[in-house]
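In what follows, a single structure is set out as structure tokens and then discussed.
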Amino acid sequence: MSGGSASPFRVRAVVAVCALVVLAAAPARSEDAGFAPAIRAAAVRYPAADAHLAVGDAFLRFESSPLDADLKGRDPSLYRDLEVRWLALAAAMKAGAPAADVRAQADALAAVLDRVVDTPASGSSSSLFVDGMLIILREGFEAILVLTALAAYLVKVGQPDKRWLLWSGAGAAVLASLALAAIAAHVVPVEASAREALEGATMLLAAVVLFSASFWLISKSEARRWQAFVRDKLEGALSSRRRAALAFLAFMVVFREGFETVLFYQALVGRAGQAAMGASAVGGGFLVGAIVLTLVALALFRYGVRIPIRPFFAVTGALLYLLAFKFAGGGVRELQEAGLVRVTPAAIPDLTWLRDWLAVYPFVEPLAAQSVLLVALIGGGLYALAGRGHRSEVDAGHAARS
């Protein structure tokens, strides 16, 4: 990538560092260590009608506390496990499960909460540095994959000058994330349910856009279609509609990660106040992580452009589809946490790697959303195969006549 193309990365990094320092300077709200007792008390009251409401209230209070963002940034796998246990307990209560099962689930959840609350939150400067680096790497990697794949696409269609669409969409998402986090922390405290609803809606919208982009890219992996497409694009610039779609996709992917990332760093800087040189360790970790992300982006862009057309579009399309699948499951789960979608337990294994990598949760509703994408993928694949068979017959007919 040329020096001019790399400058937006540097600008966004400087803006993000400065804004994160300002945002994180706010005093953290006091932590509430009463989550586990509230869960145990609700289990004792069960099967009273308000027991599951008490569990939901405790969950919303937890998500409004600094402990929520701190645990998300420090141990995402444990946080997701906690979410699944909490939602499953509320669903079991609402469905009228046996009291013994409910109390067993409540005891297991309370034990996890006790462990989370009792975990020291400060840590050494080295652990703060590592956490500061891992947060930006973990949250930014998916966005970097999508942005570099789309940037390579623009180069392949002979329009590298249109990459500003991606950088402008991503830059707008960074600014929007910082502004929303500032409002949440300093002006109008955002309800946990509203925050989950916003993130869930963003993820579902991003899933739709990502799936559309993935299907389009895979369809262009056939040589004849690709050549015709390139000829059309070389005759003129990208249409205004496609420009808007590219910028919007970049915005949605980055915004989905950006808001939570800022909240994670707010919680991490709050922890850093208890350690010597803590803020410097967090800042150093962030800068190292941002540099690594930039190097990854440059490497992906450079080698992505060199990949032959068919493998490039097939791999890129598969990547975007997997992200769409993950966002669909995660988005519905966020809406469940916000109380906007019902929670129905599903009889599937609750495996950590499935939750972490594919957002597959043991609930019917997220699985249903992901099933829609699977059906769409299978239907699109069958349609493409049928079209390819028809074109082969037409080609054979032309060859026979000639």
In the set ALA49, ALA69, which member is small (Gly, Ala, Ser), outside the structural domain of GLY258 (by TED's automatic domain parsing), in a loop (DSSP other than H, G, I, E, B) and modelled with pLDDT under 85?
ALA49
When residues of segment 349-365 are limited to those that are part of a loop (DSSP other than H, G, I, E, B) and touching a Gly at 6+ places or on another chain (Cβ under 9 Å), the one farthest from ALA95 (Cα to Cα)
ALA359
Would you kindly identify the helices (runs of 4 or more DSSP H) lying entirely within segment 75-157 that contain at least 1 residues that are loosely packed, with under 15 Cβ neighbours inside 10 Å, modelled with pLDDT of 80 or more and not aromatic (Phe, Trp, Tyr)?
76-94, 99-118
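The values are calculated or read from the model by the stated rules, or taken from the named source; none is laboratory data. Just so you know, these numbers come straight off a predicted model, no measurement behind them. Positions of Cβ are backbone-derived with ideal geometry, glycine not excepted, and every protein chain shown enters the neighbour counts.
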